[in-house]
Amino acid sequence: MVVGMDGAERYSIGDLARRTGLPVKTIRFWSDSGIVPPTDRGPAGHRRYDAAAVARLDLVRTLRELGVDLPTVRRVVTREVTLPEVASAHADALTAQIRLLRTRRAVLTVIARRGATPSEADLLHRLAGLAARERRRLVDEFLDAAFGGLSEPAFGGIRRSLTPELPDDPDDGQIEAWAELAELALDPSFRAGLRRLAEQHAADRAGVEGVRRDVVTVIREEVAPALADGVEPASPGAGPVLARAASRYARLCDVPDDADLRLRMLDRLRTARDPRQERYLELLCVVNGWPPPESLAPVLDWSIRALRARQPLA
């Protein structure tokens, strides 16, 4: 450090390197580029810098460490743009980049967890990267395949309850869940199973006015207590439970409680037992930030076993 003609302190490139921890060649490059020009030169022609140049160097270093490119840094130090403007634009760019990186990490996590094939990996990558409009189109097509053309009034509410809404800033779990959910929604056999369930639901309500419980709701209400009490499906104690459920189901459909009704009930429960339906609901709750859904698998399994025990050929 020396004192200039104006009495102010001057620093050499070596002084600046020691003060800032930056390499001499980096400071020289920024100086040659005009981003941190020297204040003056000493008698031997060596570059010297004043306190303002030191402050500018600190600003340039900070911006570069934050990832701001040199052309933009130059515009800041020459006051073509303000520092807050650059900070805001760069923050927005980083937000987009972080979102992209999180999406990629989530897809790679799913691929690794399931041991995906190359084609599955490609599909997951494309589904995770869909824009909001593309996601909406995929979901609408899926729900149309399940409920389109069926006039049951309750389907409007059911459809809304099955619609995923990925937030603008999803976490890793939501991204993973969306990719798997979208893959499931594209599965033709899953679509066919959900369509069959919807058609059975509509058939049970045909000619019956008002919104009423469906067979799964009836079964859950009647069977859950028996399941909690440890009643075995094939035991005599299961008979009254099934009788109450069948009676309620018969009233719901406005048909007699007979052997045909029991077969009909068994058919409905088998369709509802598709594990992919429960998985869809689990993923939906993750995507939408809802509490985890209740698993109906134990109740459905108990009911199916109880019905089959009394109808061996079913």
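The values are calculated or read from the model by the stated rules, or taken from the named source; none is laboratory data. For clarity, every value in this text was computed on a predicted model and none was experimentally measured. Note: ideal-geometry Cβ built from the backbone for every residue, glycine included; neighbour counts use all protein chains shown. Only protein heavy atoms, including side chains, enter the accessible area calculation; ligands, DNA and RNA are left aside. Shrake-Rupley method; radii C 1.70, N 1.55, O 1.52, S 1.80 Å.
Just to be sure before I move on: is residue 203 outside any loop (DSSP other than H, G, I, E, B), at pLDDT below 95 and open to solvent by 40 Å² or more (accessible area, probe 1.4 Å) in the structure I sent? Break it down stepwise before answering.
Working: outside any loop (DSSP other than H, G, I, E, B): yes; at pLDDT below 95: yes; open to solvent by 40 Å² or more (accessible area, probe 1.4 Å): yes.
The answer is yes for residue 203.
Tallying residues that are over 54 Å from the mean Cα position of the chain (by Cα) and among the acidic types (Asp, Glu) within the range 35-62 yields 1.
Can you tell me which residue in the range 295-313 is farthest from residue 204 (Cα to Cα), limited to those that are touching a helix residue (DSSP H, G or I) at 6+ places or on another chain (Cβ under 8 Å) and among the charged types (D, E, K, R)? Within the range 295-313, the match that is farthest from residue 204 (Cα to Cα) is 310. Within the span defined as the range 161-182, one or more residues are without any contact (Cβ under 8 Å) to a residue 24 or more places away in the chain, outside any loop (DSSP other than H, G, I, E, B) and either crowded, with 18+ Cβ neighbours inside 10 Å or out of contact with any Phe, Trp or Tyr (no Cβ under 6 Å at 6 or more places or on another chain) (or both).
If the requirement is being open to solvent by 30 Å² or more (accessible area, probe 1.4 Å) and closer than 21 Å to residue 281 by Cβ, which of these qualifies: 221, 232? Before the answer, list the steps.
Numbers: 232 fails: closer than 21 Å to residue 281 by Cβ.
One residue alone meets the criteria, 221.
Of the residues making up the range 21-55, just one is in contact (Cβ under 8 Å) with a residue 40 or more places away in the chain, among the β-branched types (Val, Ile, Thr) and assigned to a helix (DSSP H, G or I), namely 54.
Can you spot a residue in the range 96-107 that is farther than 28 Å from residue 287 by Cα and either without any contact (Cβ under 8 Å) to a residue 60 or more places away in the chain or open to solvent by less than 60 Å² (accessible area, probe 1.4 Å) (or both)? Show your work before the answer.
Restricting attention to the range 96-107, the residues satisfying the condition of being farther than 28 Å from residue 287 by Cα are none.
Scanning the range 96-107 turns up no residue that is farther than 28 Å from residue 287 by Cα and either without any contact (Cβ under 8 Å) to a residue 60 or more places away in the chain or open to solvent by less than 60 Å² (accessible area, probe 1.4 Å) (or both).
Pairing residues of the range 233-245 that are closer than 19 Å to residue 261 by Cα with residues that are in a helix (DSSP H, G or I) and among the aromatic types (Phe, Trp, Tyr), at Cβ distances under 6 Å and at least 6 apart in sequence or on separate chains, gives 233/302. For the range 129-138, the condition holds for at least one residue, the condition being that it is within 19 Å of residue 188 (Cβ to Cβ) and modelled with pLDDT of 90 or more.
Restricted to the range 123-140, and to residues that are outside any helix (DSSP H, G or I) and touching a residue at least 12 places away in the same chain (Cβ under 8 Å), which residue is most open to solvent (accessible area, probe 1.4 Å)? Full working, then the answer.
Taking the range 123-140 as the starting set, the residues that turn out to be outside any helix (DSSP H, G or I) are 129-131.
Checking the rest, the ones that are also touching a residue at least 12 places away in the same chain (Cβ under 8 Å) come to 129-130.
Working: 129: 57, 130: 40 Å².
Ranking the candidates gives 129 first.
Just to be sure before I move on: is residue 87 open to solvent by 50 Å² or more (accessible area, probe 1.4 Å), at pLDDT 85 or above, at negative phi and among the small types (Gly, Ala, Ser) in the structure I sent? Walk me through how you get there before you give the answer.
Values: open to solvent by 50 Å² or more (accessible area, probe 1.4 Å): yes; at pLDDT 85 or above: yes; at negative phi: yes; among the small types (Gly, Ala, Ser): yes.
When the stated conditions are applied, residue 87 passes them.
The one condition from (1) open to solvent by 30 Å² or more (accessible area, probe 1.4 Å); (2) touching a residue at least 24 places away in the same chain (Cβ under 8 Å); (3) farther than 30 Å from residue 254 by Cα; (4) not in a helix (DSSP H, G or I) that residue 213 does not meet is (3).
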